[in-house]
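Before any comments, here is the structure.
The values are calculated or read from the model by the stated rules, or taken from the named source; none is laboratory data. The structure displayed is predicted, hence computed values, not measured ones. Cβ placement follows ideal geometry from the backbone for every residue including glycine, while neighbour counts extend to all protein chains displayed. The area values use the complete protein model at the heavy-atom level, side chains included, leaving out ligands, DNA and RNA. Shrake-Rupley method; radii C 1.70, N 1.55, O 1.52, S 1.80 Å.
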Amino acid sequence: QVRLVESGGGAVQPGGSLRLSCAGAGIVVNTYSIAWYRQAPGNQREWVASISTGGVTAYADSVKGRFTISRHSAEDTVDLQMNSLNPADAGVYYCYARRGNGEYWGQGTQVSVTS
């Protein structure tokens, strides 16, 4: 059974940092394009960042310059380093994997940003 598992969420103060990680079970993450999405209460799920199998990255304008998505091939994980967090960044963060017609979502990890 294929699963994506996110970790690293938590509560931080504005200006703080968190590092999220996406790992797979029954899936080789290195062979999938990976994206991070987030969803705040009452809002639609929105794309945050993505990385191709070749390492090409892209970011939503709202996080550009503050977030970094990266692959750790030896661990077969994809991380999302989040710096200078603000309350607008709060929500449930989801990992998404896609390869051809196959796609998978993780269960999400909660990020809270409060003073």
List the pairs whose first member sits in the stretch 28-55 and is more than 11 Å from Ser70 (Cα to Cα), whose second member is among the aromatic types (Phe, Trp, Tyr) and open to solvent by 70 Å² or more (accessible area, probe 1.4 Å), and whose Cβ atoms are under 6 Å apart, counting only residues at least 6 apart or on separate chains?
Tyr37/Trp47
For Asn101, state whether it is farther than 28 Å from Gln1 by Cβ and either touching a Phe, Trp or Tyr at 6+ places or on another chain (Cβ under 7 Å) or not hydrophobic (A, V, I, L, M, F, W, C) (or both).
no
Complete set of residues in the stretch 7-40 that are assigned to a strand (DSSP E or B) and open to solvent by less than 20 Å² (accessible area, probe 1.4 Å)
Leu20, Cys22, Ile34, Ala35, Trp36, Arg38
